[in-house]
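Participant: Pasting a structure here, questions to come.
Just so you know, all these numbers are worked out from the coordinates, no wet-lab data involved. This structure is a prediction, so every number in the text was calculated from the model and none was measured. Cβ placement follows ideal geometry from the backbone for every residue including glycine, while neighbour counts extend to all protein chains displayed.
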């Protein structure tokens, strides 16, 4: 289990990859972001994006899934507090393979047994361009005394 | 259709309500945030939350769905740019009825035919407490010349 002490500033975790299909883009957005650019290929083709793109919420979810599987499920997490500086830098198109990373930005160990930790999660596309970035603020338990 | 000119600062839109069930909390989190506090009632009972709570990503998705249906689908949206100051203020528990609102915070009309608009989306619970808040930055088309 990863405790707050195991997350020093600048430590970086690879989160693996996720490839998103057109069908998944449309199914996700039908529920959570039913706009033409996300659910209708013909209508999407007429937008400035020139075709279907994933909902920003879908992108957030993909990044969170990768982070949960690779890091957060192994972390003594008490709670998430929120997020900031969320950027949708480049449209996510069908069949893009997204590669995730998580980097520790801030870590304040407090005497109450908790670490107040901020990390940046990023997704990059096949070209290596960052398509999504967010900073998450959360509380992680400190390592219990032996 | 709502153009940038129709979104003056302080204009407020009601987004309606959404009630989230325990089954939906678990199903969503199984895909996108598979942590015990979101997918396993017994494990959740042993956390400081004392029971199942919705994933933050699920809360984001619910707010986005309400905003998409009530406002964004009626808006001449060009693109979302990102989000900031996302706060998970209070856990969202099963069968909570969430009520959404969207308020315009900033609106910069530019000569390129676009409005650079920021709005705050909030969800409140049955007690009237704000459980979630985010500021979204986006680009909305200006009203075409007659």
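Participant: Find the relative contact order for segment A:53-128 and round it to a whole percent, using C-alpha pairs within less than 8 Å whose residues are 6+ positions apart. Spell out each step's value before the answer.
Facilitator: On the way: 67 pairs, mean separation 24.2, N = 76.
Once normalised by length, the contact order is 32 percent.
Participant: Report the Cα centroid-to-centroid distance between segment B:39-82 and segment A:84-146 in angstrom, as an integer.
Facilitator: 18
Participant: Within 10 Å of each Cβ in B:57-67, how many Cβ atoms from other chains are there, averaged over the peptide? Write down the numbers at each step before the final one.
Facilitator: Values: counts 12, 4, 0, 8, 9, 3, 2, 11, 6, 0, 1.
Mean partner-chain Cβ count within 10 Å for B:57-67: 5.
Participant: For chain B, set up a Gaussian network in which alpha carbons nearer than 10 Å are linked by springs, and say which option among B:89, B:105, B:31 fluctuates the most.
Facilitator: B:31
Participant: Would you please calculate the Kirkwood hydrodynamic radius of segment B:26-146 over all C-alpha pairs and express it in Å, rounded to one decimal? Can you show the working numbers first?
Facilitator: On the way: mean 1/r = 0.0629 Å⁻¹.
Taking every pair of different Cα atoms in segment B:26-146, averaging 1/r and inverting gives 15.9 Å.
Participant: Mind checking B:69-76 for the average number of partner chain beta-carbons within 10 Å of each residue's beta-carbon?
Facilitator: Working: counts 2, 0, 0, 3, 4, 0, 1, 0.
Across the residues of B:69-76, the mean count of other-chain Cβ atoms within 10 Å is 1.
Participant: Contact order normalised by length for chain B, with contacts defined as Cα pairs under 8 Å and 6 or more residues apart; what percent is it? Show your work: numbers first, answer last.
Facilitator: Numbers: 319 pairs, mean separation 45.3, N = 146.
Here the relative contact order equals 31 percent.
Participant: Now for a different question. In square nanometres and to one decimal, what's the mean projected area of the convex hull around the Cα atoms of segment A:82-133?
Facilitator: Details: hull surface 17.5 nm².
Spelled out: convex hull of the Cα atoms, projected over all directions, averaged, 4.4 nm².
Participant: Could you pull the copy-to-copy label distances for residue A:10, with points set 7 Å along Cα to Cβ, in nm to one decimal and sorted shortest first?
Facilitator: The answer, with the shortest distance listed first, is 4.9 nm.
Participant: Follow-up. Work out, in µm²/s and without decimals, the Stokes-Einstein translational diffusion coefficient of the protein assembly as shown at 37 °C, 0.692 mPa s, Rh from Kirkwood over C-alpha pairs. Can you show the working numbers first?
Facilitator: Working: Rh = 19.7 Å.
The Stokes-Einstein estimate is 167 µm²/s.
Participant: Rank the residues A:119, A:32 as a footprinting-exposure proxy: fewest other Cβ atoms within 10 Å of their Cβ go first.
Facilitator: Values: A:119 26, A:32 23.
By the 10 Å Cβ count, ascending: A:32, A:119.
Participant: Continuing with the same structure: Compute a Gaussian network model of chain A, connecting alpha carbons closer than 10 Å, and tell me which residue from A:13, A:49, A:28 fluctuates the most.
Facilitator: Largest GNM mean-square fluctuation: A:49.
Participant: Report the residue, chosen from B:11, B:65, B:120, that carries the largest GNM mean-square fluctuation when chain B is represented by alpha-carbon nodes joined by springs under 10 Å.
Facilitator: Result for chain B, Cα springs under 10 Å: B:11 fluctuates most.
Participant: If you don't mind, there's one more thing I want to ask. From the convex hull of the Cα coordinates of segment B:1-81, what is the mean projected area in square nanometres?
Facilitator: Numbers: hull surface 28.0 nm².
Mean shadow area of the hull around the Cα atoms is 7.0 nm².
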